[in-house]
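Colleague: Here it is, the structure in full.
The values are calculated or read from the model by the stated rules, or taken from the named source; none is laboratory data. As the structure is a computational prediction, the values presented were derived from the model and not from experiment. Cβ coordinates were reconstructed from backbone atoms using ideal geometry, including for glycine residues, and neighbour counts include every protein chain displayed. Calculation scope for accessible area: heavy atoms of the full protein, side chains included, ligands and nucleic acids excluded. Shrake-Rupley method; radii C 1.70, N 1.55, O 1.52, S 1.80 Å.
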Amino acid sequence: TKGKIKKLDGGYEVVRPLDYAENATFQRYSGYDTLNISASDVLSAAKYSWVQSAVNVTASGLELRQNSGKNQIIDLAMARTKNAMRTASNNMSVDLYSTGALSNQMGGLGHLIQTDGGGTVGGIVSTTYTFWKNKFTEQGTPSKTSIKGDMNLLWLQCVRGTDKPDLIVSTHDNFSYYWESLQDLQRYASADEATAGFQALKYVTADVIFDSNDNFATTGEKMYFLNTEYLELCVHRDANWTQLEEKSSVNQDAVVIPIIFQGQLTCSNRSLQGVLFD
């Protein structure tokens, strides 16, 4: 909804301009004072490799002939296409949280936002260029009484002027602790308005949402504090889960329709991203 899916025409790599510091040439001047036109950045861009995924809709010649009626073949195609896109969506969720450890896997949030703040991301080594480290806070003993204090510590690290996280994505336990801490504060004007929980959770100005631990691919609990102004899902405009033409097998009585993706999750400012972890 914020337009953070960027469609690209191509390129050997995905190159995203950095946005990690304010422009150092700002100055107050009077009359004929000389203006500062010096270059500000040592590094100007992060580079990410393309990754590709595909899911295929297949049908044997027998199935096609059994469903040869107009309505039947449409029903068969729709059912299998829906299943393929659902499969793609579920696996895309896993990749968006991943560390990129699997072969040809996207470098997801686990790669961009690490529990020690370090790592090499976008070709930039954060131990050399410390401005490229993300923020992190390790929890002691997580509970509904400690969760807001832990969140406060990390939040303050991720704020720069008007820049602040706008989305917090959490695993099971931390989301439950935060939810329970808010339920203790609920007040009801009438029995008709009383509910067991909230339709949506907020923390300061950020939305707080839950996703499955399976997607995070970890047994540890995490909360990602995301400033989505500096995150983009870059996709190739010709491979944005695009359905290709039907192909016939050369050695089988079957057809296959590939649906392909080419892209990468990118970050232009790691210093305003954070992770709270157990």
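Colleague: Restricting to the range 121-134, name every residue that is outside any loop (DSSP other than H, G, I, E, B) and over 20 Å from the mean Cα position of the chain (by Cα).
Modeller: Val125, Thr130, Phe131
Colleague: Please return the ranges of strands (runs of 3 or more DSSP E) entirely within the range 1-71 where 2 or more residues are over 18 Å from Cys267 (Cα atoms).
Modeller: In the range 1-71, 51-60 are the strands (runs of 3 or more DSSP E) which contain 2 or more residues that are over 18 Å from Cys267 (Cα atoms).
Colleague: Taking Ser44 as the residue in question, decide whether it is under 30 Å from Val15 (Cα atoms), among the hydroxyl-bearing types (Ser, Thr, Tyr) and modelled with pLDDT under 85.
Modeller: yes
Colleague: If Asn91 meets every condition in (1) polar (S, T, N, Q); (2) open to solvent by less than 40 Å² (accessible area, probe 1.4 Å); (3) at pLDDT below 95 apart from one, which number is that one?
Modeller: (2)
Colleague: Give the range 140-164 a look and list any residue that's in a helix (DSSP H, G or I) and either touching a Gly at 6+ places or on another chain (Cβ under 9 Å) or not aliphatic (A, V, I, L, M) (or both), or say none.
Modeller: Within the range 140-164, Lys148, Gly149, Asp150, Asn152, Leu154, Trp155, Gln157 qualify.
Colleague: Considering only residues that are open to solvent by 80 Å² or more (accessible area, probe 1.4 Å) and either modelled with pLDDT of 95 or more or of a type in the set (Gly, Ala, Ser) (or both), which ones fall in the range 94-115?
Modeller: Ala101, Ser103
Colleague: Condition check: assigned to a loop (DSSP other than H, G, I, E, B) and polar (S, T, N, Q). Does Thr137 satisfy that?
Modeller: no
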